[in-house]
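Please treat every number below as a calculation from the coordinates, not as lab data. This one's a predicted model, so the numbers in the text were calculated from it and none came from an experiment. Here the Cβ positions follow ideal geometry from the backbone for every residue, glycine too, while neighbour counts run over all protein chains shown.
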Amino acid sequence: MEFALAVDMGGTKMAVGVVTEDGRLTERRAKPTPKIGPNGEPADAAVLFEALTGLIDELAPFDRFVVCGVGCGGPMSAGGELVSPLNIPGWRSFPLAEEIERYTGLPTRVDNDAKALALGEGWVGAAVGERDYIAMVVSTGVGGGIVVDGRLLDGATGNAGHIGHVIVEPDGNQPPRQIQGTLEAETSGTSIEHRIGRPSKEASTSDITRTGALVGRAIGSVGNLLDIRLAVISGSVALGFGEPFFAAVREEVGRVCSLDYSRGLRVEPGGCGPDGPLIGAGAVGFRHAGHTIGLIEPR
């Protein structure tokens, strides 16, 4: 049995784990992503990486792993070589893969966290056996990974599928460091908190319904554009809002997907649950090591 060191790097928390070659998460560690440095200044690249390596050290020895896979917020450069996550301002053009590889000695691959989730869901989650689907994260930010004809879409710089930057309300909100009216500006946990003035988990029923409708609007547009049959949604906001959110998503998808070929697009919660980000990161690593992940061929 082979094992991957899996790393999930998010704006709210960072997590690491051990993923087996058949898609099981057997160990995990997590802690909040630092916001502040030792002297009260905003956390810089060194502070962030030191916190991450401290977490990685808890899974030593590294020689039990064959590869390291990382899911990280975007955008990033081609191949995930340099990361500039919108919700981690301390990393701008940060060579995350190179630094982890130097620290652990493991061949390391970084990809967008939502694309990693798409791999994981097609491997052992709600999209097993599907060749055309989108996997989404609605959490601190909003991202997506798209699989068409059994291929994970990368795009010219590896940022394809970023549904969070689709415009859903042209005259909508413009939180700090956001594009006005995008899905992320309207439905991410950060944006909801900015709009309602309290934590997103305290959102009203109308806020939950509105969030679901806007997510459904974006999914429906992608369904019409790319002829996909399934949308899988994970993330703390989506899963935390629960069935009222998913009901609103499905209603709006049904309204938007009214063409013969897009009608009936299914919407499902992520099948990997809270382990999805780390299972997806493990899938990124194993794919880099030459494994077939679900129906998706190695790189």
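Residue by residue, what Karplus-based ³J(HN,Hα) values in Hz, rounded to whole numbers, does segment 91-106 have, using 6.51, -1.76 and 1.60 with θ = phi - 60° and x for Gly and Pro?
For segment 91-106, the Karplus-derived couplings read 10, 10, 6, 8, x, 4, 4, 4, 5, 5, 4, 5, 6, 9, x, 9 Hz, x marking Gly and Pro.
Over 10 Å intervals from 0, what percent of Cα-Cα pairs in segment 126-271 sits in each interval?
Bins of 10 Å from zero give 13, 45, 34, 8, 0 percent of pairs.
What FRET efficiency comes out for the pair T205/R24, r = Cβ-Cβ distance, R0 = 41 Å, nearest 0.05? Write down the numbers at each step before the final one.
On the way: r = 37 Å, r/R0 = 0.90.
Working from the Cβ atoms, E equals 0.65.
Between segment 69-104 and segment 217-293, how many Å separate their Cα centres?
So the separation of the two Cα centres works out to 24 Å.
To the nearest whole percent, what portion of all C-alpha pairs in segment 1-122 is separated by more than 22 angstrom?
Details: 2122 of 7381 pairs.
Looking at segment 1-122, the distances longer than 22 Å represent 29 percent of pairs.
In Å, what Kirkwood hydrodynamic radius results for the chain from the alpha-carbon pair distances?
Working: mean 1/r = 0.0527 Å⁻¹.
Final number for the Kirkwood radius of the chain is 19.0 Å.
How high is the relative contact order of segment 126-271, in percent, counting Cα pairs under 8 Å that sit 6 or more residues apart?
It comes to 26 percent, rounded to a whole number.
Return the loop-located trypsin sites (Lys or Arg not before Pro) in segment 9-45 (DSSP other than H, G, I, E, B) with at most 16 other Cβ atoms within 10 Å of their own Cβ; answer none if there are none.
Working: sites: K13, R24, R28, R29, K35; in loops: R24, K35.
Taking segment 9-45 and a limit of 16 other Cβ atoms within 10 Å, the loop trypsin sites (Lys or Arg not before Pro) found are R24, K35.
Per the Kirkwood definition applied to all pairs of different Cα atoms, how many angstroms is the hydrodynamic radius of segment 185-299? Could the numbers behind the result be given before it?
Numbers: mean 1/r = 0.0645 Å⁻¹.
Evaluated on segment 185-299, it is 15.5 Å.
Once R0 is set to 41 Å, what does the formula 1/(1 + (r/R0)^6) return for the Cβ-Cβ distance between L259 and N39, expressed as a FRET efficiency to the nearest 0.05? Could you put the intermediate results ahead of the total?
Working: r = 57 Å, r/R0 = 1.39.
Step by step, r from the Cβ atoms, then E = 0.10.
Looking at segment 236-288, which chymotrypsin sites (Phe, Trp or Tyr not before Pro) are in a loop (DSSP not H, G, I, E or B) and have at most 15 other Cβ atoms within 10 Å? Numbers along the way, then the final one.
Numbers: sites: F241, F245, F246, Y261, F286; in loops: Y261.
Counting only loop positions with at most 15 other Cβ atoms within 10 Å, the chymotrypsin sites (Phe, Trp or Tyr not before Pro) in segment 236-288 are Y261.
Sorted from fewest to most neighbouring beta carbons within 10 Å, what does the list L52, L278, L86 look like? Walk me through the numbers before you get to the answer.
Working: L52 23, L278 28, L86 19.
In order of increasing Cβ crowding within 10 Å: L86, L52, L278.
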